[in-house]
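Contents: one structure, followed by commentary.
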Amino acid sequence: MNDKTFLEGTPPHQQDQLRQYTLIAYGLYAASIFVGLTSIAAIIMNYMKRDEVKGTWLASHFEWQIKTFWITLIAAIIGFILSFVLIGIPILFAASIWFIYRIVKGLVVFMDNKPIGDGWF
């Protein structure tokens, strides 16, 4: 890991803690596929540590996770409302696939110790 990816003066143990924290958040998002409430714990974690990762490569992962959570939540609400007229079922399916894709992609890029882009995919 290149030390230049962290803010000047960030102790190595804090760097490791922030990496571990990010990995735990990804794990909670992945677990939310089966137990939806874990994503709430993950989003709280993201907001609690957001300032600490500012200026590091981990900040891109936090933004990725936050964006994934909110867009998936909005899509799920819209899909649920529209499921009464059957249009929502494909929306819910697409939102689920998109969520899984973003968590897997984010985790793969994270494991390579790289920042992640800020696109939809």
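Taking the stretch 53-70, which residues are more than 22 Å from ILE33 (Cβ to Cβ) and aliphatic (A, V, I, L, M)? Those that are more than 22 Å from ILE33 (Cβ to Cβ) and aliphatic (A, V, I, L, M): VAL53, LEU58, ALA59.
One line per residue, one yes/no per condition, for (1) closer than 16 Å to TYR26 by Cβ; (2) of a type in the set (Lys, Arg):
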site: GLU63; (1), (2): yes, no
site: LYS67; (1), (2): yes, yes
site: LEU92; (1), (2): no, no
site: SER96; (1), (2): no, no
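Meeting the requirement of 1 or more residues that are crowded, with 19+ Cβ neighbours inside 10 Å and in contact (Cβ under 8 Å) with a residue 60 or more places away in the chain, the helices (runs of 4 or more DSSP H) wholly within the stretch 18-121 are 88-111. In the stretch 68-75, is there at least one residue being among the aliphatic types (A, V, I, L, M) and modelled with pLDDT under 95? Checked against the condition, which is being among the aliphatic types (A, V, I, L, M) and modelled with pLDDT under 95, the stretch 68-75 yields no hits at all. Selection of the stretch 52-101 for residues being over 27 Å from LYS114 (Cα atoms) and among the hydroxyl-bearing types (Ser, Thr, Tyr) yields only SER83.
The values are calculated or read from the model by the stated rules, or taken from the named source; none is laboratory data. Owing to the predicted nature of the structure, the values given are computational and were not obtained by experimental measurement. Reconstructed Cβ throughout: ideal geometry from the backbone, glycine too, with neighbour counts over all protein chains shown.
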